[in-house]
Amino acid sequence: MLYARAETRRAAVDHDPHIITGPCDAIVGACGRIARNALIQAKGFPYTLQDLLVDPQLVDLYRDGQYATLRLTPSMYHRFHAPHDCSIDNVTYISGDTWNVNPIALNRIAKLFCKNERAVIPAMLRPGMVVTLVPVAAILVASIRLHFVDVLLNMRYRGEAEIPCRASFSKGQEMGWFQHGSTIIAFAPKGVTLCGSVQEGTVIRVGRPLMRLPY
């Protein structure tokens, strides 16, 4: 059943090379332009690229870029897929808490995504064009599984752990999964734009348009 669901989603992928597709089924929690290095968790609760990504090179890359926060509810499909043809040569795992990431918690706890366990996955579409996905762990999701690294990302790690890898994906190919509902935050550099249908509160499906490349 799960295999059939994954194949159905791959068949629905938008293969326009100018389109970055949604990596998962989700509700758009927040999205838009990053103001220098600041973005929004929820109304009145900002955080910074440095808080979330840690890596100074990625912080510089996404300054004034675009982001979309994609919230997976418990009833949704829990696997995530490549948003474009890409290659990945490292993953940074950052240990942390597993606070619930539902809207109530996001409106009460400042910098919640930056407190939780997460993985930072830079995906190179071509030289100079890197899209980064940040799967964030949540309550009951104290692990993030990736097909292309042979370790379980979980709270047995402490601090940051950079994991080298060598992986290539075609758009829509499965990359990993959560055990329960959670969140993925997608980042793209300045010049990339959100697709018009992507707005706060809308539902996006894996493989459907999320952002548009500037070429």
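Contact list please: Cβ distance under 6 Å, first residue in segment 23-35 and closer than 12 Å to residue 204 by Cα, second residue acidic (Asp, Glu) and at pLDDT below 95, pairs at least six apart or on different chains.
Taking only residues 6 or more apart or on different chains, the pairs are 28/200.
Conditions tested, residue by residue: (1) of a type in the set (Asp, Glu); (2) touching a Cys at 6+ places or on another chain (Cβ under 6 Å); (3) at pLDDT below 80.
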residue: 134; (1), (2), (3): no, no, no
residue: 138; (1), (2), (3): no, no, yes
residue: 141; (1), (2), (3): no, no, yes
residue: 147; (1), (2), (3): no, no, no
residue: 155; (1), (2), (3): no, no, yes
residue: 166; (1), (2), (3): no, no, no
residue: 169; (1), (2), (3): no, yes, no
residue: 172; (1), (2), (3): no, no, no
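Do you know which of the residues in segment 174-189 that are at pLDDT below 95 and in a loop (DSSP other than H, G, I, E, B) is farthest from residue 40 (Cα to Cα)?
Among residues in segment 174-189 that are at pLDDT below 95 and in a loop (DSSP other than H, G, I, E, B), the one farthest from residue 40 (Cα to Cα) is 179.
Whether any residue in segment 194-211 is exposed (fewer than 15 other Cβ atoms within 10 Å of the Cβ), in contact with a Ser or Thr (Cβ under 6 Å, 6 or more places away or on another chain) and not basic (Lys, Arg) is what I want to check.
No; the residues of segment 194-211 include none that is exposed (fewer than 15 other Cβ atoms within 10 Å of the Cβ), in contact with a Ser or Thr (Cβ under 6 Å, 6 or more places away or on another chain) and not basic (Lys, Arg).
Kindly check whether there is at least one residue in segment 41-55 that is modelled with pLDDT of 85 or more, closer than 21 Å to residue 74 by Cβ and of a type in the set (Gly, Ala, Ser). Can you show your working first?
Here is the first cut: in segment 41-55, the residues modelled with pLDDT of 85 or more are 48-55.
From the residues that got through so far, the ones that are closer than 21 Å to residue 74 by Cβ too are none.
No, segment 41-55 contains no residue that is modelled with pLDDT of 85 or more, closer than 21 Å to residue 74 by Cβ and of a type in the set (Gly, Ala, Ser).
Just one of 24, 31 is among the hydrophobic types (A, V, I, L, M, F, W, C), part of a loop (DSSP other than H, G, I, E, B) and within 15 Å of the chain's Cα centre (by Cα); which is it? Reasoning before the result, please.
On the way: 31 fails: part of a loop (DSSP other than H, G, I, E, B).
Step by step, each of 24, 31 is checked, and only 24 is among the hydrophobic types (A, V, I, L, M, F, W, C), part of a loop (DSSP other than H, G, I, E, B) and within 15 Å of the chain's Cα centre (by Cα).
Please indicate, with yes or no, whether at least one residue in segment 84-103 is in a helix (DSSP H, G or I) and at pLDDT below 60. Quick ask: steps written out before the conclusion?
Taking segment 84-103 first, the residues in a helix (DSSP H, G or I) are 103.
So of that shortlist, the ones also at pLDDT below 60 come out as 103.
The answer is yes, given that some residue of segment 84-103 is in a helix (DSSP H, G or I) and at pLDDT below 60.
Given the conditions (1) crowded, with 19+ Cβ neighbours inside 10 Å; (2) at pLDDT 95 or above, report the number of the one that residue 117 does not fulfil.
Going through (1) crowded, with 19+ Cβ neighbours inside 10 Å; (2) at pLDDT 95 or above one by one, residue 117 breaks only (2).
Scan segment 187-215 and report the pairs whose first residue is farther than 13 Å from residue 20 by Cβ and whose second residue is surrounded by fewer than 19 Cβ atoms within 10 Å (Cβ to Cβ) and charged (D, E, K, R), with Cβ atoms within less than 7 Å and a gap of 6+ or a chain change.
Taking only residues 6 or more apart or on different chains, the pairs are 190/64.
The values are calculated or read from the model by the stated rules, or taken from the named source; none is laboratory data. Since the structure is predicted, the reported quantities are computational estimates derived from the model, not experimental observations. When we count neighbours, we look across all protein chains shown, and the Cβ atoms used for this are built from the backbone with ideal geometry, even at glycine.
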